[in-house]
């Protein structure tokens, strides 16, 4: 007989990601710079405060700022994005070789955000949902890696991001399941597996209502966590094989591993596993 676990409001995220990012900002001597310059835009669209077209408007603003034109930011959110693009452009002008690839990933992230926002409240088939989440995961992991390990070069870091991205996004989805469904309308369980969720009112592959007792099937949840753990180990081995004899900041690599593995710990803690 199936056992379902109530989906609770998640615990506050661990500090591991902040510690990793701080080590990079200290080295770059840019204390106000953030690798995740898109978060302000994501938040307002995800919560329905602004429409998904805001992503494209923000992309145009970011491109103008990078090119030294009048960005004409619309409000506080875009102003913060402009500030981050300005810091990134400064790093590029100072000779940081991964600044431009990160800028390209930011533009890509804004386009992916628009695509992602287009699926709110929809139950997608597995192939389509996996594609969106894989692209978003790769984008986020590449942003995390570029400034941390520039000595490996973009080509190698993109290979690692493609490997680590899907499982990192899966881990994030597990941690944020309550927020994704209840507050933002993102259903990160595909049509073929949606029976493992309880508490949704679904009609024609669209969520028409969310109950107060959201729950997920326990064995399904455990299988997803095991998948994340397995893929994280495979991606770490890939990182080490690509690194080979290249000298990297080993302390930072340890902080990076703590950061990604904290996602697994957060998932287990959220569901009392």
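What to note about this one:
- Residue check: residue 270 meets all listed conditions (1) surrounded by 17 or more Cβ atoms within 10 Å (Cβ to Cβ); (2) more than 30 Å from residue 9 (Cβ to Cβ) but one, namely (2).
This table checks each residue for (1) more than 15 Å from residue 223 (Cα to Cα); (2) free of Cβ contacts under 8 Å to residues at least 12 places away in the same chain; (3) within 13 Å of the chain's Cα centre (by Cα).
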{"position": "152", "(1), (2), (3)": "yes, no, no"}
{"position": "159", "(1), (2), (3)": "yes, no, no"}
{"position": "171", "(1), (2), (3)": "no, no, yes"}
{"position": "193", "(1), (2), (3)": "no, no, no"}
{"position": "200", "(1), (2), (3)": "yes, no, no"}
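- Selection over the range 82-95 of residues that are out of contact with any helix residue (DSSP H, G or I) (no Cβ under 6 Å at 6 or more places or on another chain) and within 19 Å of residue 50 (Cβ to Cβ) gives a count of 2.
- Within the option set 158, 130, being at pLDDT 95 or above and farther than 26 Å from residue 208 by Cα holds for one residue only, 158.
- All positions within the range 184-196 that are touching a helix residue (DSSP H, G or I) at 6+ places or on another chain (Cβ under 8 Å) and within 17 Å of residue 10 (Cβ to Cβ): 184, 186, 187, 188, 189
- Test: residue in the range 1-17 that is on the phi < 0 side of the Ramachandran plot, free of Cβ contacts under 8 Å to residues at least 40 places away in the same chain and assigned to a helix (DSSP H, G or I): no
- Any hit, the range 67-81, residues being outside the structural domain of residue 146 (by TED's automatic domain parsing), closer than 21 Å to residue 158 by Cβ and buried (at least 17 other Cβ atoms within 10 Å of the Cβ): no
- Selected residue (criterion: farthest from the chain's Cα centre (by Cα)) from residues of the range 33-42 that are farther than 16 Å from residue 119 by Cα and in contact (Cβ under 8 Å) with a residue 12 or more places away in the chain: 33
- Residue satisfying condition, being closer than 16 Å to residue 145 by Cβ and either surrounded by 16 or more Cβ atoms within 10 Å (Cβ to Cβ) or assigned by TED's automatic domain parsing to the domain that holds residue 44 (or both), within set 242, 264: 242
- Filtered residues of the range 81-122 (kept if under 11 Å from residue 147 (Cβ atoms) and either touching a residue at least 60 places away in the same chain (Cβ under 8 Å) or not in a helix (DSSP H, G or I) (or both)): 91, 96, 97, 98, 102
- If you filter the range 208-229 down to residues that are in contact with a helix residue (DSSP H, G or I) (Cβ under 8 Å, 6 or more places away or on another chain) and in contact (Cβ under 8 Å) with a residue 60 or more places away in the chain, you find that the one that is surrounded by the fewest Cβ atoms within 10 Å (Cβ to Cβ) is 227.
- Hits in the range 149-168 (condition: in a helix (DSSP H, G or I) and under 18 Å from residue 20 (Cα atoms)): 150, 151, 152, 157, 160, 161, 164, 165, 168
- With respect to (1) in contact (Cβ under 8 Å) with a residue 24 or more places away in the chain; (2) buried (at least 18 other Cβ atoms within 10 Å of the Cβ); (3) over 15 Å from the mean Cα position of the chain (by Cα); (4) more than 28 Å from residue 254 (Cα to Cα), the lone exception for residue 46 is condition (3).
The values are calculated or read from the model by the stated rules, or taken from the named source; none is laboratory data. All values derive from a computational prediction rather than experimental measurement. Glycine gets a Cβ as well: all are built from the backbone with ideal geometry, and neighbour counts include every protein chain shown.
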